[in-house]
Amino acid sequence: MESLSFEYRGGRPLPSAPPVTLVGVVGSGNLEVMVEPADLGGVCRIEVLTAAVGFGPIWQAVMDDVFARHPVADVRISINDVGATPAVVSLRLDQALDAFTGGQP
Amino acid sequence: MTDAATHSYYEDSARERLLGLLDPGSFREILPPSERVVSPHLRRLDTPAAFDDGVVVGKATLGGRPVLVAAQEGGFMGGAVGEVHGAKLTGLLERALDERPAGVLLLVESGGVRLHEANAGLIAVSEVMRAVLAVRAAGIPVIVLDGGQFGCFGGMGIVSRLCDAVVMSEEGRLGLSGPEVIETTMGVEEFDSRDRALVWRTVGGKHRYLLGEAAVLVEDDIAAFRAAALALLDHAPDLSLAALEAEHAALGGRLERFGDCRDALDIWARLGIAEPERLPILDTPTFLATVTDKRA
Amino acid sequence: MRDWNSQGRNREARLARTASLARGKRVPAADARALLEAVLEPGDRVCLEGNNQKQADFLASALASVDPAKVHGLHMVQSVLALPEHLDLFERGIATKLDFSFSGPQGGRLAKLVGDGKISIGAIHTYLELFGRYFVDLTPQVSLVAAQAADADGNLYTGPNTEDTPVIVEATAFKRGIVIAQVNELVDHVPRVDIPGGWVDFVIQSPRPHFIEPLFTRDPAQISEVQVLMAMMAIKGIYAEYEVNRLNHGIGFDTAAIELLLPTYADSLGLKGKIGRHWALNPHPALIPAIEAGFVESVHSFGSELGMEDYIRARPDVFFTGPDGSLRSNRALCQAAGHYACDLFIGSTLQVDLAGNSSTATLGRIAGFGGAPNMGADARGRRHASPSWLKAGREAGEGRNTIPRGRKLVVQMVETFREHMQPAFVERLDAWELAESAGMELPPVMIYGDDVSHILTEEGIANLLLCRTDEEREQAIRGVAGYTPVGLKRDRRMVENLRDRGVIRRPEDLGIDKRLATRDLLAARSIKDLVRASGGLYDPPKRFRNW
């Protein structure tokens with residue numbers, strides 16, 4: 001397993017802290033994504049635990065794009081991954097962040 | 001979009017099932033994922049853990065009546081019971097003794113004990129069994145719903161049969177040893193686990209209903225599971241010694257009656273069902289109409 | 001004086017050697033080996049029928065059991081190497097040379113035998129090429145074929161899986177070759193004559209019915225959300241855009257998703273009657289909902305599919321069926337139809353390079369081609385027009401001073417990563433290395449880049465018809481290659497420019513809401529849903545059932 005962590009600044013804080021959101025399942029080719037409000041001084045922090053070792057640069061690229069689509073602040077995103085493809089990772093993060101922000105930009 | 005009127009229980013995740021089954025907005029999770037009560041063992045085995053250890057437990061209302069409920073996630077390690085997973089189930093059942101809800105619902109989907117956690121998982125399952133019996137003894141019905149993709153086997157198969165009633169869809173499976181386990185131990189000639197028609201007519205919902213192990217057979221529709229669970233809340237089981245002895249006698253009689261059958265088809269024929277080979281393909285309402293008064 | 005009938009005399013000599021074995025045309029199964037030893041001569045070209053579905057499996061094992069001292073040096077000319085016996089022939093020295101199309105599950109063993117010098121490969125063909133050569137320079141001297149039933153005159157009934165039998169028998173029988181058929185049953189009257197008895201020399205009742213693989217059954221339960229999204233893009237971004245009505249699909253889950261989205265998503269876009277009306281396709285169970293919804297008007301098939309028999313019988317307006325009611329398939333004719341009469345081929349692949357060349361070859365496995373390259377190639381000989389063909393042709397010719405001409409749509413539909421994070425986009429195909437290690441004259445390319453019109457991934461659609469330079473083409477491919485190393489090396493500005501020009505289109509450019517891409521959109525989510533959609537007529541093989 002490999003543990004990865006990413007931090008983004010410059011996101012917009014949400015007007016009110018939404019409830020915790022969890023999407024996906026820790027199953028083969030899949031992942032679970034948990035999004036929580038967190039007092040992180042404006043940072044969006046993403047912590048990944050993945051069964052597939054050696055794909056750090058791809059995670060970085062996927063996360064950069066996710067943050068570009070969902071520039072959130074004071075949010076902690078936690079991921080347990082079992083070798084999901086970037087397409088599935090992007091999809092789950094979009095689902096989780098759409099649900100978390102409830103359509104707030 | 002298969003049928004706009006129904007919502008598949010089989011397709012849903014554990015969390016989606018709870019949303020569809022319970023009164024809207026009523027579910028309060030106990031030890032939610034954000035508590036991060038994860039398996040202490042998997043990390044050391046270099047295996048990804050799930051924030052809820054593969055089981056969602058909590059309180060809710062069903063038809064306005066308070067229930068405690070647990071849903072196993074088959075997608076995570078086949079719903080296998082590890083130490084935390086089992087403790088959540090046991091804790092929920094013990095809580096029922098304090099809170100005295102109208103019932104406890106177990107949305108099972110499990111291959112049994114999580115082998116990674118070996119003894120801890122085995123002990124956990126035995127604790128769940130004991131807790132189920134305690135809740136039943138307190139007069140609180142424990143109702144099992146079984147219609148997920150992974151079926152219900154091993155220790156959770158035993159747990160299910162210890163409960164008051166099992167609700168299944170024909171997609172659901174219930175057994176002790178799973179099909180692959182039987183094939184591995186007994187040989188492919190005895191049981192070909194890739195022969196899915198054989199697997200389902202041996203451990204699937206229709207057969208379990210005919211044998212009486214499933215109290216209710218419903219379509220793969222979450223609303224049908226909800227309706228069946230609601231109805232069973234009012235089901236008061238007879239736990240008297242006489243009733244238990246009668247059940248044991250019935251099981252003995254069943255073994256006598258069907259013990260020499262080599263295949264579920266033989267049992268169905270012996271139950272007096274005409275053209276038993278047609279049963280698997282019948283939709284649930286037609287099936288139920290066909291087997292009325294024919295159950296073991 | 002030259003003997004102008006040496007082949008005829010050779011045939012008579014072969015038949016004379018069998019006199020004690022046959023009663024009429026019938027030979028007992030126990031004498032199959034003796035028959036083959038009597039008929040065959042060293043160095044013969046032999047066609048052993050078998051494709052990815054029907055297999056002349058009994059005759060294959062009989063041939064593999066002949067005495068190599070009597071029969072050796074055979075030159076096998078056959079569609080598919082599917083059974084272990086096909087390679088046992090070479091291991092035992094019964095055969096030495098091979099011309100074929102596809103090796104599927106035997107690809108690894110084939111590569112090893114080639115490496116050991118036990119097999120000399122003439123060429124790996126597409127089906128139409130190999131069938132063509134049966135009539136030119138690879139005509140079989142002996143063909144071993146499979147049918148459902150035979151009567152006393154040797155008339156053969158193939159049932160729905162006619163497949164390759166007509167083309168093999170035609171080439172053999174009319175060049176004085178010997179045709180031996182294994183049949184499942186001997187009957188007084190065949191339900192219909194698929195092969196006239198006059199073209200058949202010997203009939204053997206096989207102890208077991210011939211093997212048939214249900215290769216085209218895709219369980220909708222295994223279709224992913226990403227595949228649903230890609231199917232939505234195919235329907236809205238290509239089928240609707242080009243009014244695609246005549247088409248062939250690959251056999252993957254991604255194209256099964258398209259089939260299952262026709263009655264739901266495509267219908268919601270008002271596309272019924274406007275796309276997907278005529279198909280060159282095996283009877284895919286996944287097509288049932290679209291047929292029932294009235295999308296599909298006709299289907300001609302290469303072969304049949306197990307479990308579809310009753311459904312086909314009940315839908316004669318859609319399928320090609322005989323007077324007996326069962327399907328008549330024909331691989332050679334359906335391949336020709338797929339090549340010339342279809343406007344679109346869409347299928348998956350394992351690797352795509354920067355020029356759009358695609359290959360399913362991997363190291364250590366010689367898999368071959370089968371039918372995809374015939375259908376996945378622009379039909380340069382085509383002359384008739386259709387809206388789809390003309391539009392593709394206009395896009396390809398825009399800005400070039402060329403005479404008006406159409407183009408076939410050849411779509412490669414791939415997820416950027418396959419399972420285990422294998423990238424589908426590569427700088428260099430594994431096919432090159434395979435060609436070098438196996439001493440092949442060409443790298444085995446499935447679909448050539450200059451035939452590909454579109455590459456569709458979960459990231460978007462690259463329209464290669466609109467690319468004007470090699471550099472544009474490369475960036476268009478990188479621009480849909482997602483997070484693969486090839487995709488990450490894109491020139492972002494150029495990709496955005498291509499997007500502005502509509503060369504690259506993202507789901508949002510097509511007006512597709514990704515959030516709607518869920519399995520709920522599938523017209524069937526399980527095999528049982530397909531059975532129900534068929535009104536109980538589809539009877540799936542038991543390994544696909546969960547009831």
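Summary of computed values
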read-out	value
Helices (runs of 4 or more DSSP H) (entirely within the stretch C:450-547) containing at least 2 residues that are within 12 Å of another protein chain (Cβ to nearest Cβ)	C:485-488, C:527-533
Residues located in the stretch A:67-80, provided they are surrounded by 23 or more Cβ atoms within 10 Å (Cβ to Cβ) and either in a helix (DSSP H, G or I) or at the interface with another protein chain (Cβ under 7 Å from one of its Cβ atoms) (or both)	A:Asn80
Search result, residues across the stretch A:1-50 that are closer than 20 Å to A:Ala99 by Cα, of a type in the set (S, T, N, Q) and touching a residue at least 24 places away in the same chain (Cβ under 8 Å)	A:Thr21, A:Asn30
Residue match in the stretch C:385-393 (condition: within 21 Å of the chain's Cα centre (by Cα) and of a type outside the set (A, V, I, L, M))	no
Any hit, the stretch A:82-97, residues being within 14 Å of chain B (Cβ to nearest Cβ), under 27 Å from C:Leu229 (Cα atoms), assigned to a strand (DSSP E or B) and in contact with a helix residue (DSSP H, G or I) (Cβ under 7 Å, 6 or more places away or on another chain)	no
Hits in the stretch B:58-85 - residues which are β-branched (Val, Ile, Thr) and within 14 Å of chain A (Cβ to nearest Cβ)	B:Val84
Single match in C:Glu243, C:Glu292, C:Glu185 (criterion: surrounded by fewer than 21 Cβ atoms within 10 Å (Cβ to Cβ), within 30 Å of C:Gln141 (Cβ to Cβ), at pLDDT 95 or above and touching a Pro at 6+ places or on another chain (Cβ under 9 Å))	C:Glu185
C:Phe216 within 21 Å of C:Gln335 (Cβ to Cβ) and over 25 Å from the mean Cα position of the chain (by Cα)	no
Selection count where residues are touching a Leu at 6+ places or on another chain (Cβ under 9 Å) and either part of a loop (DSSP other than H, G, I, E, B) or more than 14 Å from chain B (Cβ to nearest Cβ) (or both), scope the stretch A:1-44	3
Residues that are within 17 Å of B:Met156 (Cβ to Cβ) and surrounded by fewer than 19 Cβ atoms within 10 Å (Cβ to Cβ), drawn from the stretch B:170-212	B:Leu176, B:Ser177, B:Glu180, B:Val181
Residues of the stretch C:222-263 that turn out to be assigned to a helix (DSSP H, G or I), within 17 Å of C:Glu297 (Cα to Cα) and not hydrophobic (A, V, I, L, M, F, W, C), as a count	3
B:Ala236 modelled with pLDDT under 95 and either closer than 24 Å to B:Gly64 by Cα or part of a loop (DSSP other than H, G, I, E, B) (or both)	yes
Residue in the stretch C:155-165 that is more than 17 Å from C:Pro28 (Cα to Cα), in a strand (DSSP E or B) and either of a type in the set (Val, Ile, Thr) or not assigned by TED's automatic domain parsing to the domain that holds C:Leu89 (or both) present	no
Unmet requirement for C:Lys97, which otherwise passes all of (1) touching a helix residue (DSSP H, G or I) at 6+ places or on another chain (Cβ under 7 Å); (2) within 21 Å of C:Leu138 (Cβ to Cβ)	(1)
Matching residues, the stretch C:172-194, being over 15 Å from C:Ala56 (Cα atoms) and either outside the structural domain of C:Ser61 (by TED's automatic domain parsing) or free of Cβ contacts under 8 Å to residues at least 60 places away in the same chain (or both)	C:Ala173, C:Phe174, C:Val187, C:Asp188, C:His189, C:Val190, C:Val193
Test: C:Gly117 is more than 29 Å from C:Gly338 (Cβ to Cβ) and either in contact with a helix residue (DSSP H, G or I) (Cβ under 6 Å, 6 or more places away or on another chain) or outside the structural domain of C:Ala377 (by TED's automatic domain parsing) (or both)	yes
Qualifying residue in the stretch C:42-50 (condition: among the acidic types (Asp, Glu), buried (at least 20 other Cβ atoms within 10 Å of the Cβ) and either within 22 Å of C:Asp116 (Cβ to Cβ) or modelled with pLDDT under 95 (or both))	no
Residue count, the stretch B:198-225 (criterion: more than 10 Å from every other protein chain (Cβ to nearest Cβ), among the acidic types (Asp, Glu) and out of contact with any helix residue (DSSP H, G or I) (no Cβ under 6 Å at 6 or more places or on another chain))	2
Residue in the stretch B:89-108 that is within 14 Å of chain A (Cβ to nearest Cβ), farther than 21 Å from B:Arg226 by Cα and among the small types (Gly, Ala, Ser) present	no
Test: B:Arg254 is charged (D, E, K, R) and under 21 Å from the mean Cα position of the chain (by Cα)	no
Tally of residues being touching a helix residue (DSSP H, G or I) at 6+ places or on another chain (Cβ under 6 Å), within 14 Å of chain C (Cβ to nearest Cβ), within 12 Å of B:Ala214 (Cβ to Cβ) and of a type outside the set (Lys, Arg) across the stretch B:139-173	4
Enumerated strands (runs of 3 or more DSSP E) restricted to the stretch B:2-87, each holding at least 3 residues that are surrounded by 21 or more Cβ atoms within 10 Å (Cβ to Cβ)	B:55-62, B:65-72
Search result, residues across the stretch C:1-16 that are exposed (fewer than 14 other Cβ atoms within 10 Å of the Cβ) and either modelled with pLDDT under 95 or touching a helix residue (DSSP H, G or I) at 6+ places or on another chain (Cβ under 7 Å) (or both)	C:Met1, C:Arg2, C:Asp3
Some residue of the stretch C:111-125 being at pLDDT below 95 and among the polar types (S, T, N, Q)	yes
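Residue-wise test of (1) of a type in the set (Lys, Arg); (2) under 24 Å from the mean Cα position of the chain (by Cα).
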residue: C:Leu15; (1), (2): no, no
residue: C:Gly24; (1), (2): no, no
residue: C:Leu48; (1), (2): no, yes
residue: C:Asn51; (1), (2): no, yes
residue: C:Leu63; (1), (2): no, no
residue: C:Lys70; (1), (2): yes, no
residue: C:His75; (1), (2): no, yes
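The values are calculated or read from the model by the stated rules, or taken from the named source; none is laboratory data. Fair warning: this is a prediction, and the values are worked out from it, not measured in the lab. As a convention, Cβ positions derive from the backbone with ideal geometry for all residues, glycine included, and neighbour counts pool all protein chains shown.
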